[in-house]
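The values are calculated or read from the model by the stated rules, or taken from the named source; none is laboratory data. Bear in mind that the values here come from a model prediction, so they are computed numbers and not experimental data. Quick reminder, even Gly has a Cβ in these numbers, built from the backbone with ideal geometry, and neighbours come from all protein chains shown. SASA here: full protein model, heavy atoms, side chains in, ligands and nucleic acids out. Shrake-Rupley method; radii C 1.70, N 1.55, O 1.52, S 1.80 Å.
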Amino acid sequence: MSETDKGLSYRDAGVDIDAGNRLVDLIKPLVKATRRPGADAEIGGFGGVFDPKAAGFKDPLIVATTDGVGTKLKIAIETGKHDTIGIDLVAMCVNDLVVQGAEPLFFLDYFATGKLAPEVGASIVAGIAKGCQEAGCALIGGETAEMPGMYAEGDYDLAGFSVGAVERGELLPLPTVQPGDVLLGLASSGVHSNGYSLVRRIVERSGLAWDAEAPFCHGHSLGDALLTPTRLYVKSALAVIRSTGKVKALAHITGGGLTENLPRVLPAGTVGRIDLSGLPVPPVFRWLAQTGGVAEAEMLRAFNCGIGMVVICDAGDAETVADAFADGGEEVIHLGAVEPCTGPSRTIYDGALDLECPL
């Protein structure tokens, strides 16, 4: 049989089953390290199993979320730094669970690439496993898809799916949110995983390479600084919800910023009023605003601007709740209050962000 007549194999078509098996072998110990009551965190079957009763729930409501990390992936790919992007993937899902009072139980990931590099895949999953451990959920399964022709060389995409549970009657937000309640902010770790299409345009305008020193984070490269993982609020938020019983609502500040996300947990007829002058703006956001010429209103819709989570509680409980979050390792900022709605805007700002001070 001539070379041209030789039968084709799956590998000839660009899919290497052996590479996929090697990746599974590499990640098995990472996955196993995420086991928790209710799941053994073993992979290899056709589906993952979780037992809510073994996790201590009596009459749970199930809450599910799915998300990705957007074009932050491009920075991980272009810098060759893949070990933290999985933390972002987990955080974007489980932070959305905890705002409803739900404890994350398990996580699944979807990893698609044009040509599978097992070591790169293992680095990504190591980040996912680390995020799951920090959030207290088990990584019980996932899917790796090698798709030649769909992705450029070296490119990949990630998606995550998480399920949590909350006892019936404890679902957030509570129906008692009302005018006079206090808004507390929990500091973000940076840009988190939203607005990176704008971030990359600003970096392009700056002319800086990913390995150049970050103007806003001396001693670190620009790529590393912008890959700072999304902060996980699960353990601190669950601890405060359960220990104080005083949290009425939580809002995860993702795409849309404070402007779009806070109204999602406010009842009809109310508005969140925030004093921007008291918000400590991290240097990365000042650099983005100054380098990109981004207006304040756009900053507040594109980025978290330093606040990754908003907590709503009764004014009389604000000190107790703030102290509890601080004890849990969070930096707490007093943002403002819930007020009666008097116009179309659901988030009203007083003062201005400090975007002009030198880096």
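Select from region 284-322 the residues that are open to solvent by 50 Å² or more (accessible area, probe 1.4 Å) and under 22 Å from the mean Cα position of the chain (by Cα) and list them in ascending order. Even if it seems obvious, please write down each step before you answer.
Start the filter on region 284-322 by keeping residues that are open to solvent by 50 Å² or more (accessible area, probe 1.4 Å), which leaves 290, 293, 295-298, 301, 314-316, 319-320.
If the condition is that a residue be open to solvent by 50 Å² or more (accessible area, probe 1.4 Å) and under 22 Å from the mean Cα position of the chain (by Cα), then E298, R301 are the ones that fit.
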For region 323-347, how many residues are open to solvent by 30 Å² or more (accessible area, probe 1.4 Å), among the β-branched types (V, I, T) and within 25 Å of the chain's Cα centre (by Cα)? 1
Candidates G121, G169 - the one that is modelled with pLDDT under 95, of a type in the set (G, A, S) and open to solvent by 40 Å² or more (accessible area, probe 1.4 Å): G169
Just to be sure I understand, how many residues within region 217-227 are surrounded by fewer than 19 Cβ atoms within 10 Å (Cβ to Cβ) and either in contact with an Asp or Glu (Cβ under 8 Å, 6 or more places away or on another chain) or closer than 18 Å to N304 by Cα (or both)? 3
Would you mind stating whether T176 is closer than 17 Å to H82 by Cα, open to solvent by 50 Å² or more (accessible area, probe 1.4 Å) and among the hydroxyl-bearing types (S, T, Y)? no
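Go through region 259-281 residue by residue and tally those that are over 15 Å from the mean Cα position of the chain (by Cα) and either of a type in the set (A, V, I, L, M) or within 24 Å of C93 (Cα to Cα) (or both). Don't jump to the end; show me each part of the working.
Going residue by residue through region 259-281, those that are over 15 Å from the mean Cα position of the chain (by Cα) are 259-260, 262-281.
Still in the list and also either of a type in the set (A, V, I, L, M) or within 24 Å of C93 (Cα to Cα) (or both): 259-260, 262-268, 271, 274, 276, 279, 281.
Number of matching residues: 14.
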Members of region 266-283 found to be open to solvent by less than 10 Å² (accessible area, probe 1.4 Å) and either polar (S, T, N, Q) or at positive phi (or both), listed by number: T270
Hits in region 280-318 (condition: of a type in the set (G, A, S) and in contact with a strand residue (DSSP E or B) (Cβ under 8 Å, 6 or more places away or on another chain)): G306, G308, A315, A318
Mind checking whether some residue in region 148-159 is open to solvent by 10 Å² or more (accessible area, probe 1.4 Å), without any contact (Cβ under 8 Å) to a residue 60 or more places away in the chain, touching a Gly at 6+ places or on another chain (Cβ under 7 Å) and small (G, A, S)? yes
Quick one: which of I128, I87 is out of contact with any strand residue (DSSP E or B) (no Cβ under 7 Å at 6 or more places or on another chain), crowded, with 24+ Cβ neighbours inside 10 Å and either modelled with pLDDT of 95 or more or under 30 Å from L222 (Cα atoms) (or both)? I87
Go through region 228-243 and give me each residue that's in contact with a helix residue (DSSP H, G or I) (Cβ under 9 Å, 6 or more places away or on another chain) and open to solvent by 20 Å² or more (accessible area, probe 1.4 Å). T228, P229, R231, K235, A239, I241, S243
Scan region 321-359 for residues that are assigned to a strand (DSSP E or B) and on the phi < 0 side of the Ramachandran plot and jot them down. V332, I333, H334, L335, A337, V338, E339, P340, T347, I348, Y349, D350
Considering residues that are buried (at least 18 other Cβ atoms within 10 Å of the Cβ), under 19 Å from the mean Cα position of the chain (by Cα) and more than 16 Å from L279 (Cβ to Cβ), the number found within region 183-216 is 6
